[in-house]
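Q: Quick one: this structure, given as structure tokens, is what I'll be asking you about.
The numbers here are math on the coordinates, done by the rules we state, and not lab data. The structure displayed is predicted, hence computed values, not measured ones. Heads up, the Cβs are rebuilt from the backbone with ideal geometry, glycines too, and the neighbour counts pull from every protein chain shown.
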Amino acid sequence: MIEFSHVSKTYRGVRALDDVSFAVGPGCVTGFLGPNGAGKSTALRILTGLARATSGSATVFGRAYAELANPGARVGTLLDAGALHPGRTGRETLTLGAMMIGLPRTRVGEVLDLVGLSGREADRVVGGYSLGMRQRLCVGHALLGRPEVLVLDEPVNGLDPQGIHWMRVLLRGLADSGCSVLLSSHLLHEIEQVADRLVLIGRGRILAQGTVAELSRGR
Ligand code: ADP
Ligand code: ADP
């Protein structure tokens, strides 16, 4: 469902990605792990049409993101926490997100339930939210379109162990219903319980990939 094939990206002489190839199939939660500056965001931005590869191709459902019909609904992406308006409620934030991709308002209530922000919390302004609540809201944005593919850049960043557990249960449930999930992280302990498979990246190159068990046996 997600495929990177020989993707390289150079920014004015800086090689951010070097011949990156890997795939994520349906029902799989894949963790994209590497230190800051390794190239994770660049790869995810290329996949979701926000940046262009210098060479190679990144596809979703066999096509470039920009060639999909209604890509914003079919491919779920995390709302950037920096883009949250502190004076808007959680419900208003997701309602705007739903309008942008042509979805009915009724979907907003369902998503708020799914991310555990129903009831009074949904009608409080985001400025008063905890970090964990903000992160749930950003994940909710990704789920609006009932996407078959989720591309999440650092979704567990800043979550406490309970939040990480919540994320694991949520993503596992989505994967079990056939969704392909790709999430990035720079911390192994944040991601190892969440992901079925890991793809390790360092300095723009894929270093290893496999299940957590395989990688910890050093294969
Ligand atoms: P990560 O997400 O793993 O932290 P990034 O993809 O953000 O890594 O960055 C990979 C490398 O590419 C870094 O050296 C970063 O400074 C560089 N880079 C990322 N975006 C740009 C850009 N728009 N212009 C120039 N260099 C960039
Ligand atoms: P992340 O930590 O999620 O990778 P960054 O802070 O690295 O995010 O990047 C945020 C934005 O700045 C992105 O649009 C990225 O492309 C851009 N950027 C990152 N590194 C550089 C750089 N060295 N020069 C110019 N732009 C950069």
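Q: Which net charge results for the neighbourhood of Leu117, defined as the other residues with beta-carbon distances under 11 angstrom from its beta-carbon, given Lys and Arg at +1 and Asp and Glu at -1?
A: After counting each charged neighbour, the total is +2.
Q: While we're on this one: Gain in length, Ala213 to Asp176, computed as 0.36 nm per residue apart minus the alpha-carbon separation, to one decimal in nm?
A: Extra length available between Ala213 and Asp176 comes to 11.3 nm.
Q: Assigning unit charges at the beta carbon (Lys, Arg +1; Asp, Glu -1) and nothing else, what dipole magnitude in debye, to the nearest 20, does the chain show about its Cα centre?
A: Charge dipole of the chain: 380 debye, to the nearest 20.
Q: In addition: 222 nm [θ] for the chain, helices only, -39500 (n - 2.57) per DSSP H run of 4+, per residue, to 500?
A: Calculated mean residue ellipticity at 222 nm is -9000 deg cm²/dmol.
Q: In terms of the ratio Rg/(2.2 N^0.38 Å) built on C-alpha atoms, what value belongs to segment 106-219? All intermediate terms of the calculation are to be shown ahead of the outcome.
A: Values: Rg = 15.4 Å, N = 114, 2.2 N^0.38 = 13.3 Å.
Taking the Cα Rg and dividing by 2.2 N^0.38 Å, one obtains 1.16.
Q: Over the chain, with a Gaussian network built from C-alpha contacts below 10 Å, which listed residue (Gly202, Gly173, Gly90) shows the highest mean-square fluctuation?
A: Evaluated over the chain, the most mobile residue of the options is Gly173.
Q: Any idea how far apart His189 and Ser118 come out in nm if each label point goes 7 Å out from Cα toward Cβ?
A: So the label points at His189 and Ser118 sit 3.4 nm apart.
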